[in-house]
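Below is one structure, written out as structure tokens, with a few remarks after it.
The values are calculated or read from the model by the stated rules, or taken from the named source; none is laboratory data. Owing to the predicted nature of the structure, the values given are computational and were not obtained by experimental measurement. In this analysis, Cβ positions are derived from the backbone assuming ideal geometry, glycine residues included, and neighbour counts consider all displayed protein chains. Heads up: the accessible areas ignore ligands, DNA and RNA and are worked out on the full protein's heavy atoms, side chains in. Shrake-Rupley method; radii C 1.70, N 1.55, O 1.52, S 1.80 Å.
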Amino acid sequence: MGSDVIQAKLVLLGDLGAGKTSIVESTIGAAFFSQVLCMDEATVKLDIWDTAGQERYHSLAPMYYRGAAAAVVVYDISSTDSYIRARKWVDELQRQGNPHLVMALVGNKVDLEEKRHVGTQEAMEYAERNGLFFIETSAKTSQNVTELFYELGKHHCDLS
Ligand code: GDP
Ligand code: MG
């Protein structure tokens, strides 16, 4: 049991409408907040940065993700476009981001299974090839949302 506190910036990226804000709000209830994850080794305090709609203009400044320890790239499983856009974000972060960035690819809106356009296997294999943590969530039913933040906190702890 340790009393160390690790501060980590976590950024959310992805198409407008993918569900970034809903994912964050389904855990705590604010668009910009901190979540504390208690581990055996240390406490990870996540400062979660959500966008204020700037993704609409494809103008998220590199400043937004500078210094981030973790990035959550969200797409909507019912939108192929949002998946393509998510992969572009992953590319950009791999080229420009912190080399130790812990990244998660998140297929959101799994409650809309009947409207699914992005296969689980396809996204999972892409994530594996690129060393990303992969999970499918629903901000609507809260499925896997806690697990997402828990896993990110854990990965960050492992790396510290
Ligand atoms: P953002 O632009 O990425 O922040 O997306 P929002 O969180 O604002 O969500 C966009 C729309 O998708 C809203 O109408 C949400 O209610 C809806 N939404 C978000 N997550 C889910 C989900 O998991 N399932 C369903 N069915 N709708 C969702
Ligand atoms: Mg939003």
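When Met124, Met103, Met63 are compared by accessible surface with a 1.4 Å probe, the order from highest to lowest is Met63, Met124, Met103. As a calculated quantity, the FRET efficiency between Arg87 and Thr146 at R0 = 22 Å, using C-beta atoms, amounts to about 0.30.
Rank these residues by their accessible area, most exposed first, probe 1.4 Å: Arg85, Arg95.
On the way: Arg85 55, Arg95 170 Å².
I get Arg95, Arg85, largest accessible area first.
For region 111-126, backbone phi angles converted through the Karplus equation (6.51, -1.76, 1.60; θ = phi - 60°) give residue-by-residue couplings of 5, 9, 3, 5, 10, 4, 10, 10, x, 5, 4, 4, 5, 5, 5, 4 Hz, Gly and Pro being listed as x. Take the cross-link list Lys88/Lys154; Lys9/Lys154; Lys9/Lys115 and give me the ones stretching past 23 Å between alpha-carbons. Flagged as over cut-off: Lys88/Lys154; Lys9/Lys115.
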